Amino acid sequence: TDEHIQATLEETRQLSRLVDDLRTLSLAEAGQLPLVWEPVDVAELLADACTSFSGQAEAAGLDLRVEAADTLPAVTGDVGRLDQVLGNLIANAIRHTPAGGSITLRAEPIKGTVRIGACDTGEGIPADDLPYVFDRFWKGDRSRSRAGGAGSGLGLAIARQLVNAHGGTICVESEPGEGTTFTIELPGGDRFNQSAA
């Protein structure tokens with residue numbers, strides 16, 4: 001029946017995404033993920049990510065916005081992979097922020113680095129779970145599956161590996177019921193130009 005075909009198709013798509021995620025994570029962990037190094041305008045990166053998810057955020061009743069400093073140094077990186085990191089963070093925020101809440105992407109220069117924040121007003125992460133959020137297959141509360149279902153549990157593990165591949169760091173702060181903030185720091189300037197040449 002059409003219903004069975006649709007169910008099978010969706011399961012196939014989920015398995016395909018899982019395979020792609022595992023492949024990306026394995027290559028990143030082994031330091032073998034191909035990256036295309038180029039100057040990245042961080043404000044433009046955030047604006048593009050915001051535009052990509054604006055429809056989903058609006059459908060979920062959320063305010064998605066960007067707050068970027070007027071002057072940001074460019075970073076050298078793979079714009080597609082950095083966009084993937086932001087996409088994972090935004091998708092998680094949409095999934096775990098109740099209607100009427102907000103998601104804010106911020107960027108500011110900090111002592112030779114660019115600090116990017118993804119802040120939401122969602123349900124937050126319990127303190128006991130915070131040390132594990134970047135682990136493979138971590139999903140926290142297994143019952144959290146609203147707003148499009150739970151992911152594979154690989155998104156944050158991939159995000160950390162991709163940020164590390166850019167010579168950066170990623171960390172998380174959260175208060176249950178108050179929201180969650182992921183903070184990424186990337187080296188500014190031409191740090192990778194030697195290896196890119």
Checklist entry - How high is the relative contact order of the chain, given as a whole-number percent (alpha carbon pairs under 8 Å, six or more residues apart)? => result 24 percent
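Restricting to the chain, what percent of DSSP beta bridges are antiparallel, rounded to 5?
Working: 27 of 33 bridges.
Percentage antiparallel, nearest 5: 80.
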Item to check | Ordering of 92-103, 9-20 by packing [mean C-beta count within 10 Å, highest first] | outcome: 92-103, 9-20
Next on the checklist: Can you tell me the orientation of helix 79-95 relative to the chain, as the angle in degrees between its alpha-carbon axis and the longest Cα principal axis, to the nearest 10?
Outcome noted: 40 degrees
Checklist entry - Could you give the angle, 0 to 90 degrees to the nearest 10, between helix 42-59's Cα long axis and the longest principal axis of the Cα atoms of the chain? => result 10 degrees
Item to check | Selected from VAL42, ALA59, LEU22, residue furthest toward positive end of dipole (the stretch 15-93; charges at beta carbon) | outcome: LEU22
Checklist outcome for this item: The size of the Cβ-based charge dipole (Lys, Arg +1; Asp, Glu -1) of the chain about the Cα centre, to the nearest 20 debye, is 380 debye
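Given a 1.4 angstrom probe, what's the average accessible area per residue across the chain, in square angstrom?
Details: 10680 Å² over 197 residues.
Counting only protein heavy atoms, the per-residue value for the chain is 54 Å².
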Checklist entry - What's the angle, to the nearest 10 degrees (0 to 90), between helix 155-165's Cα axis and the longest principal axis of the chain? => result 10 degrees
Checklist outcome for this item: Expressed as a percent, the accessible surface of the chain that is carbon or sulfur, using a 1.4 Å probe and the full set of protein chains, is 50 percent
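The values are calculated or read from the model by the stated rules, or taken from the named source; none is laboratory data. Since we're looking at a predicted model, the values are computed, not measured. With ideal geometry, Cβ positions are generated from the backbone for all residues, glycine too; neighbour counts draw on all protein chains shown. Heads up: the accessible areas ignore ligands, DNA and RNA and are worked out on the full protein's heavy atoms, side chains in. Shrake-Rupley method; radii C 1.70, N 1.55, O 1.52, S 1.80 Å.
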